[in-house]
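Visitor: Supplied in structure tokens, the structure appears directly below.
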Amino acid sequence: MSDSRSRRIAAIGTSVAVAWLALAGAAWSKPAPPPVYVHMNGANEFLENVVAVRPGQPVVFVDQDTGPHTIVGYDPATGATSKRFDGAVEGTPGPGHAVHTYTIRFRHAGLKFYFCSIHAELAHEPGGVTAPKKRPTVHGFGDPMDGLIIVTTDRHLLAANPATSRQRILPHYFGG
Ligand SMILES: [Cu+2]
């Protein structure tokens with residue numbers, strides 16, 4: 001191969017690479033949706049117990065309690081717990097300390113039910129439905145520690161999230 005020909009091929013290769021990087025850059029620079037945050041403290045509840053997210057959008061569970069919690073997906077129709085949606089977070093001493101978080105994303109639209117297995121337990125109910133109940137030994141306000149993530153592209157549902165779900169740390173929600 002002549003020198004000029006290999007230079008030409010190298011030049012073509014370079015411009016293809018530049019074009020590819022420009023395209024890839026455009027794809028990368030498309031802003032990813034910010035996470036939706038769900039907070040926990042000593043009240044043993046998920047503060048934003050129903051939130052909507054887009055497919056692929058991260059849901060970040062933030063433990064601002066001094067104690068640990070788990071986040072376990074389940075199917076109300078079968079009572080089966082999820083192997084993939086199965087998180088755990090440690091507590092934190094309080095403001096100014098690191099918080100532990102658990103992040104999950106869902107690829108497809110749907111309803112993702114979950115509960116904290118430390119503070120709630122699944123119970124079979126009439127009609128074949130399984131639902132979390134507060135563990136009798138646990139402090140709380142009578143409600144089980146559970147929640148629902150609606151995975152959707154519906155902008156009305158997405159706009160209905162509570163304001164606190166846009167904030168990673170809630171300054172006044174530590175302890176409880
Ligand atoms: Cu809990």
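Visitor: Just checking, how many residues over region 104-121 are within 16 Å of the ligand (Cβ to nearest atom), part of a loop (DSSP other than H, G, I, E, B) and either closer than 13 Å to F85 by Cα or in contact with a Leu (Cβ under 8 Å, 6 or more places away or on another chain) (or both)?
Guide: The total comes to 2.
Visitor: For region 82-103: of the residues being small (G, A, S) and within 16 Å of the ligand (Cβ to nearest atom), which is farthest from P171 (Cα to Cα)?
Guide: Result: G87.
Visitor: Same structure again: When you look at D143, is it under 23 Å from A160 (Cα atoms) and at pLDDT below 95, yes or no?
Guide: yes
Visitor: Which of (1) out of contact with any strand residue (DSSP E or B) (no Cβ under 9 Å at 6 or more places or on another chain); (2) modelled with pLDDT under 95; (3) at negative phi does G128 not meet, given it meets every other one?
Guide: So G128 meets the others, but not (3).
Visitor: Every residue in region 25-71 that is within 10 Å of the ligand (Cβ to nearest atom) and not in a loop (DSSP other than H, G, I, E, B), please.
Guide: Those that are within 10 Å of the ligand (Cβ to nearest atom) and not in a loop (DSSP other than H, G, I, E, B): M40, F46, D63, H69, T70, I71.
Visitor: Can I ask one more? Can you name every residue in region 127-149 that is in a loop (DSSP other than H, G, I, E, B), in contact (Cβ under 8 Å) with a residue 12 or more places away in the chain and away from the ligand (no atom under 11 Å from the Cβ)?
Guide: G128, F141, D143
Visitor: Now for a separate question. Pick out the one residue from T152, T130, T164 that is farther than 27 Å from G42 by Cβ, surrounded by 13 or more Cβ atoms within 10 Å (Cβ to Cβ) and among the polar types (S, T, N, Q).
Guide: Numbers: T130 fails: farther than 27 Å from G42 by Cβ; T164 fails: farther than 27 Å from G42 by Cβ.
Testing whether each residue is farther than 27 Å from G42 by Cβ, surrounded by 13 or more Cβ atoms within 10 Å (Cβ to Cβ) and among the polar types (S, T, N, Q) leaves just T152.
Visitor: What do you reckon, is D75 more than 13 Å from the ligand (Cβ to nearest atom) and surrounded by fewer than 18 Cβ atoms within 10 Å (Cβ to Cβ)?
Guide: Answer is yes for this residue.
Visitor: Still on this structure, please answer the following. Kindly evaluate P33 against the criterion of being under 15 Å from R168 (Cβ atoms) and modelled with pLDDT under 95.
Guide: Yes; evaluated as a whole, the condition is true for this residue.
The values are calculated or read from the model by the stated rules, or taken from the named source; none is laboratory data. Please read all numbers here as calculations on a predicted model, not as lab measurements. For neighbour counting, all protein chains shown are included, and Cβ atoms are generated from backbone atoms with ideal geometry for every residue, glycine included.
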